[in-house]
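Notes follow once the structure below has been shown.
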Amino acid sequence: MIRILLAEDQAMVRQGLKMMIESDSDMLVTGEAGNGKEAVALCENHIFDVVVLDIRMPEMNGLEAARIIRSRWPNTKVLMLTTFNDDQYAVEALKSGASGYMLKEAEPEALIRSIRSCWSGGLSLQEDVAAKVIPKLLEEKIAPVVDASITPRELSIIRLVGEGRSNREIADELGLSIGTVKNHVSQIMDKLDLRDRTQLAIYAIRHNVV
């Protein structure tokens with residue numbers, strides 16, 4: 001069961017989203033918050049697999065909440081769900097540690113797929129959002145990876161993470177076990193001094209790996 005914290009300041013919208021999410025038998029909304037501050041407080045006392053955050057909320061917005069949640073509870077994934085199809089918001093969300101960025105206008109099936117992708121270690125961007133975000137990241141593209149400690153195998157894994165692949169998909173692609181992939185990803189992040197998988201995906205795009 002995927003345990004989800006849903007943070008949305010409009011109660012009616014929150015209830016609608018809860019119904020959509022729980023239409024999948026593997027997902028359960030085990031916490032609700034009306035702003036980012038409440039979301040962080042709930043994470044202090046409960047374990048969530050995925051936190052779904054609106055961006056514009058009172059007291060603490062979703063971007064700030066994402067930064068705190070990802071720094072304090074790195075195993076908890078964050079999905080931003082918003083009405084704003086804005087490339088700068090999306091880039092900031094990814095840099096804050098979010099594993100996905102979806103618009104509220106998305107179909108229920110797309111939202112469920114996105115939650116599942118984030119939970120399994122993938123990077124999920126709605127297509128029209130990705131069309132704006134990827135060029136933005138490419139504008140910041142810098143020199144290719146030159147770190148001599150990065151092996152060819154690790155470079156392949158960096159590329160696949162940059163493509164948004166989950167650990168299972170990477171394992172299938174490279175003929176490895178999921179545990180081996182997890183170990184490789186951890187070692188790569190240690191070598192490159194990166195905080196989380198989203199930073200690794202951004203690194204892959206900016207360093208011409210993808």
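Overview of results
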item: Some residue of the stretch 35-52 being out of contact with any Leu (no Cβ under 8 Å at 6 or more places or on another chain) and touching a residue at least 40 places away in the same chain (Cβ under 8 Å); result: yes
item: Hits in the stretch 1-29 - residues which are under 21 Å from the mean Cα position of the chain (by Cα), hydrophobic (A, V, I, L, M, F, W, C) and part of a helix (DSSP H, G or I); result: 17, 20, 21
item: Hey, residue 163 open to solvent by 70 Å² or more (accessible area, probe 1.4 Å), at pLDDT below 90 and under 16 Å from the mean Cα position of the chain (by Cα) or not; result: yes
item: Search result, residues across the stretch 31-77 that are under 19 Å from residue 92 (Cα atoms), acidic (Asp, Glu) and surrounded by fewer than 20 Cβ atoms within 10 Å (Cβ to Cβ); result: 59, 64
item: Which listed residue, of 170, 188, 157, is in contact with a His (Cβ under 6 Å, 6 or more places away or on another chain), surrounded by 14 or more Cβ atoms within 10 Å (Cβ to Cβ) and assigned to a helix (DSSP H, G or I); result: 157
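Let's see how each residue does on (1) assigned to a helix (DSSP H, G or I); (2) within 22 Å of residue 16 (Cα to Cα); (3) modelled with pLDDT of 80 or more:
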| site | (1), (2), (3) |
| --- | --- |
| 67 | yes, no, yes |
| 89 | yes, no, yes |
| 121 | no, no, yes |
| 135 | yes, no, no |
| 150 | no, no, yes |
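The values are calculated or read from the model by the stated rules, or taken from the named source; none is laboratory data. Keep in mind the model is a prediction, meaning the values are calculated, not measured. With ideal geometry, Cβ positions are generated from the backbone for all residues, glycine too; neighbour counts draw on all protein chains shown. Side chains included, ligands, DNA and RNA excluded: accessible areas come from the protein's heavy atoms. Shrake-Rupley method; radii C 1.70, N 1.55, O 1.52, S 1.80 Å.
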